[in-house]
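Here is the structure we will look at.
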Amino acid sequence: MLEFNTATKEKLINSKIKNEEKLYLISRYIEEKYCFQIQPNHWDDKFDNLLEVERIYYRTWLWLCYAEWENLVVPVPEFEVIYGSVQMSNLTKYIKSNEDNQEIDKIYTLDGKAGIVLLEWGLENLQTTYNIS
């Protein structure tokens, strides 16, 4: 269970705060809970200790960071839990086709639709003491 302090709760509901920053806040809480800070290219380190929902959120967040900052790559398996099998299949086909579609690239950003869905999923499924609704 993640327990957010009052300042974090206020940031999570503040519409002026970017979605990217909200996602990062949740990720930092996971890192602090397990006393680690993962390096972007060491995705499999220390995941064994995380609860399943935390691992799903965290690995998907890392994938989304990479997709935005570096390159849109085939999603991690945890992607399917959050976005569904159809979305995973469609994205994988798009990536393997080597097409260039900037609209799709904009969806898979921390502040894009994929980031918004990840934040909603995280707040709902991480059993936090804060509920967005």
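Does at least one position in region 85-102 carry a residue that is touching an Asp or Glu at 6+ places or on another chain (Cβ under 9 Å) and modelled with pLDDT under 90? Looking for residues that are touching an Asp or Glu at 6+ places or on another chain (Cβ under 9 Å) and modelled with pLDDT under 90, one finds none in region 85-102, hence no. Residues in region 118-128 that are crowded, with 17+ Cβ neighbours inside 10 Å and under 15 Å from the mean Cα position of the chain (by Cα): Leu118, Leu119, Trp121, Gly122, Leu123, Leu126. Looking at region 58-77, can you tell me whether even one residue there is crowded, with 17+ Cβ neighbours inside 10 Å, over 18 Å from Lys113 (Cα atoms) and in contact (Cβ under 8 Å) with a residue 24 or more places away in the chain? Within region 58-77, none of the residues are crowded, with 17+ Cβ neighbours inside 10 Å, over 18 Å from Lys113 (Cα atoms) and in contact (Cβ under 8 Å) with a residue 24 or more places away in the chain. When region 1-57 is filtered for residues that are modelled with pLDDT of 95 or more, of a type in the set (D, E, K, R) and in a helix (DSSP H, G or I), the ones remaining, listed by number, are Glu20, Glu21, Lys22. Applying the criterion of being touching a residue at least 12 places away in the same chain (Cβ under 8 Å) and of a type in the set (Asp, Glu) to the residues of region 100-128, the residue that is farthest from Met1 (Cα to Cα) is Asp105. The set of residues from region 97-117 being open to solvent by 100 Å² or more (accessible area, probe 1.4 Å) and not in a helix (DSSP H, G or I) comprises Asn98, Glu99, Asp100.
The values are calculated or read from the model by the stated rules, or taken from the named source; none is laboratory data. Keep in mind that this is a model prediction, so the values were computed, not measured. A quick note on method: Cβ atoms are made from the backbone with ideal geometry, for glycine too, and the neighbour counts reach across all protein chains shown. The protein model used for the area step is the full one, side chains on, heavy atoms only, and it has no ligands, DNA or RNA in it. Shrake-Rupley method; radii C 1.70, N 1.55, O 1.52, S 1.80 Å.
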